[in-house]
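A.B. asks: Encoded as structure tokens, here's the structure I'll be asking about.
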Amino acid sequence: MTTGFFAGILSIFYIYLSFRVIFIRNKQKISLGNGGFAPLDIAIRAHGNFSEYVPIGIILLALLELNGMSGWVIMILGATLTLGRLIHFSAFYNPDQISLPRRVAGMILTFAALCFSGLGLIIQFMI
């Protein structure tokens, strides 16, 4: 199942993002909120943004796959979603120099994966 492959990769990346937040919280001794510490706020948002977009992406991929969409289409859409999330995260890697162009590129790829997946499901329904 191709979707399972991408779900596996993205779940490992999700854990990595979670550990970044936990590490900063422990180091700064901040249990709730961001404590006014900008790097924690950035890590929280990078984690939150990932958790806002990836679940719907995986659900869409799984539905496409279950409805018989070609494996190569699932591979392209899954790779687009994964690449979009990695590029988006890379924009936050250095909190002192957040890259707006990389954030935008990551969101474009993420939205493209979600949009084409959604359109694919609509087309599958209509055929």
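A.B. asks: Of the conditions (1) without any contact (Cβ under 8 Å) to a residue 24 or more places away in the chain; (2) touching a Lys or Arg at 6+ places or on another chain (Cβ under 6 Å), ILE122 clears all except one; give me its number.
C.D. replies: Checking ILE122 against (1) without any contact (Cβ under 8 Å) to a residue 24 or more places away in the chain; (2) touching a Lys or Arg at 6+ places or on another chain (Cβ under 6 Å), the one that fails is (2).
A.B. asks: Could we say that SER70 is of a type in the set (Ser, Thr, Tyr), over 18 Å from PHE13 (Cβ atoms) and either open to solvent by 50 Å² or more (accessible area, probe 1.4 Å) or at pLDDT 90 or above (or both) here? First the steps, then the outcome.
C.D. replies: Details: of a type in the set (Ser, Thr, Tyr): yes; over 18 Å from PHE13 (Cβ atoms): yes; either open to solvent by 50 Å² or more (accessible area, probe 1.4 Å) or at pLDDT 90 or above (or both): yes.
Answer is yes for this residue.
A.B. asks: Do we find that MET1 is surrounded by fewer than 19 Cβ atoms within 10 Å (Cβ to Cβ), hydrophobic (A, V, I, L, M, F, W, C), modelled with pLDDT under 95 and within 20 Å of the chain's Cα centre (by Cα) in this structure?
C.D. replies: On the way: surrounded by fewer than 19 Cβ atoms within 10 Å (Cβ to Cβ): yes; hydrophobic (A, V, I, L, M, F, W, C): yes; modelled with pLDDT under 95: yes; within 20 Å of the chain's Cα centre (by Cα): yes.
When the stated conditions are applied, MET1 passes them.
So that you can scan it fast, the table gives a plain yes or no per residue for (1) closer than 30 Å to GLN124 by Cβ; (2) among the polar types (S, T, N, Q):
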residue: LEU32; (1), (2): no, no
residue: ALA38; (1), (2): no, no
residue: ASN49; (1), (2): yes, yes
residue: ARG85; (1), (2): yes, no
residue: LEU100; (1), (2): no, no
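A.B. asks: Now for a separate question. How many of the residues making up region 78-118 are at pLDDT 95 or above, within 12 Å of the chain's Cα centre (by Cα) and open to solvent by less than 40 Å² (accessible area, probe 1.4 Å)?
C.D. replies: Number satisfying all stated conditions: 11.
A.B. asks: Looking only at region 1-30, count every residue that is assigned to a loop (DSSP other than H, G, I, E, B) and free of Cβ contacts under 8 Å to residues at least 40 places away in the same chain and tell me the total.
C.D. replies: Selection size over region 1-30: 2.
A.B. asks: Suppose we filter GLU52, GLU65 for residues that are farther than 27 Å from ALA38 by Cβ, acidic (Asp, Glu), out of contact with any strand residue (DSSP E or B) (no Cβ under 6 Å at 6 or more places or on another chain) and open to solvent by 20 Å² or more (accessible area, probe 1.4 Å); which single one remains?
C.D. replies: When all the criteria are applied, what remains is GLU65.
A.B. asks: Among residues belonging to region 69-110 that are of a type in the set (Phe, Trp, Tyr) and out of contact with any helix residue (DSSP H, G or I) (no Cβ under 8 Å at 6 or more places or on another chain), point out the one that is nearest to PHE50 (Cα to Cα).
C.D. replies: By that ranking, first place goes to TYR93.
A.B. asks: Which residue pairs have Cβ atoms under 8 Å apart, sit 6 or more places apart or on different chains, and have a first residue in region 31-57 that is more than 18 Å from ARG102 (Cα to Cα) and a second that is hydroxyl-bearing (Ser, Thr, Tyr)?
C.D. replies: Close Cβ pairs satisfying both conditions: SER51/TYR14; GLY57/THR110; GLY57/SER117.
The values are calculated or read from the model by the stated rules, or taken from the named source; none is laboratory data. All figures in this text were calculated on a predicted structure; none of them were measured in a lab. Cβ atoms come from the backbone with ideal geometry, glycine included; neighbour counts cover every protein chain shown. These area figures cover heavy atoms from the full protein model, side chains too; ligands, DNA and RNA do not enter into them. Shrake-Rupley method; radii C 1.70, N 1.55, O 1.52, S 1.80 Å.
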